[in-house]
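> Encoded as structure tokens, here's the structure I'll be asking about.
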Amino acid sequence: MMMYSNRNRKIKPAAGWLTGIAILSLFTACEKAIDLNLDNVKPVIVIDGGVNDLNEVQVVRISTTYSFTEANKFNGLAGAKVVLTGSDGTTVNYTEKTTGIYNSPKFKGKPGTTYKLTVNAQGKTYTATSTMPQKVILNLLTFKELTVANKTRKYVAVIYDDPPGIENWYHSIVRFKGKVEFDVATDDRFNDGNKVNDVIFYDLSKDMVPGDTVAVEFQCVDKAVHRYFFSLGQNLSETQPVSPANPPSNFDNNALGVFSAYTTSSRKALFR
């Protein structure tokens, strides 16, 4: 199972998707029955972890993929050793809270610091590094209405001041009733140094009624993490379908998932 950064949305590994597409191709190309073995795919480790600039428990989730025919689930991996080290001399040991969920003591990450996450599991070592960017504050949320084909849709927009002369990568997460509904990865290629008003193209009106609260978490991430979430978004897109593939992980040793050192700024607004 591949997991989403904060980390409620789950998707099956691309291996399963690709097999499913192969089956559709076979059925549409001819009528000959072909028996494919979908259950004997070797499990792959999935590591999903983040370190932010809030003084809180930081969490790493470790799981393994599962066969195509199994229900979507968190297949937690027990007994791993998880250690975080920082370029500022930080060393943090994680403890297993529940199966596959590893928690740190409370601590606060520092912008400009490069963090390395090391996971020892099932006799193998996996590492990933991520540098925490400088913080950009989410100033305000607003709402936009757009009408397409005589149907009006409502969206939330994030407003922030992009720092000039610096490459910035962002990851915005939309929550409703505490549940992650949507996320999007963006950058400042066309907005460097500007006051930005970015619409998040998730139709709020299909889930929400006036008076409901929408929350957006605005993360500043590094380039590799942005690439991961952008790729993940392309895989899940309904309007711009692409051939499914696992997003490019920043872990070595063929692990799936992502490790992100990020700053975070959040806002809430009443839907109207």
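> Quick one: accessible area per residue over the stretch 113-199, 1.4 Å probe, rounded to a whole number of Å²?
53
> Averaging over all projection directions, find the projected area of the Cα convex hull of the stretch 63-193 and quote it in nm² with one decimal place.
12.9
> Sticking with this structure for a sec: Along each principal axis of its Cα atoms, how long is the stretch 44-99 end to end? Whole angstroms, biggest number first, please.
That gives 45, 21, 20 Å along the principal axes, largest extent first.
> Still on this model: Which loop GluC sites (Glu not before Pro) in the stretch 100-203, with loop taken from DSSP, have no more than 11 other Cβ atoms within 10 angstrom of their Cβ?
The qualifying sites: there are none.
> If Lys and Arg each add +1 and Asp and Glu each add -1, what is the summed charge of the other residues whose beta carbon sits under 9 Å from the beta carbon of residue 108?
Local charge sum for residue 108: 0.
> Give the ranking of 217, 56 by solvent-accessible surface, highest area first, calculated with a 1.4 Å probe.
I get 56, 217, largest accessible area first.
> Follow-up. Residues in the stretch 152-179, backbone N under 17 Å from the label point at residue 187 (7 Å along the Cα-to-beta-carbon vector): list them, ranges by number please.
162-172
> Right, another one. Hey, which of these cross-link pairs are over 26 Å Cα-Cα: 42/81; 73/110; 97/179; 73/223; 106/206; 177/223?
Correct reply: 73/110; 73/223; 106/206; 177/223.
> May I have the extent of the alpha carbons of the stretch 139-265 along their three principal axes, as whole Å values ordered from largest to smallest?
Extents along the principal axes: 48, 35, 29 Å.
> Here's a follow-up. With every protein chain left in place and a probe of 1.4 Å, what is the accessible surface of residue 223, to the nearest 10 Å²?
120
The values are calculated or read from the model by the stated rules, or taken from the named source; none is laboratory data. Given the structure is predicted, the values throughout are model-derived calculations rather than measurements. Neighbour counts are summed over all protein chains in view; Cβ atoms, including those assigned to glycine, are modelled from backbone coordinates with ideal geometry. Remember, those area values only see protein heavy atoms, side chains included, never the ligands or the DNA or RNA. Shrake-Rupley method; radii C 1.70, N 1.55, O 1.52, S 1.80 Å.
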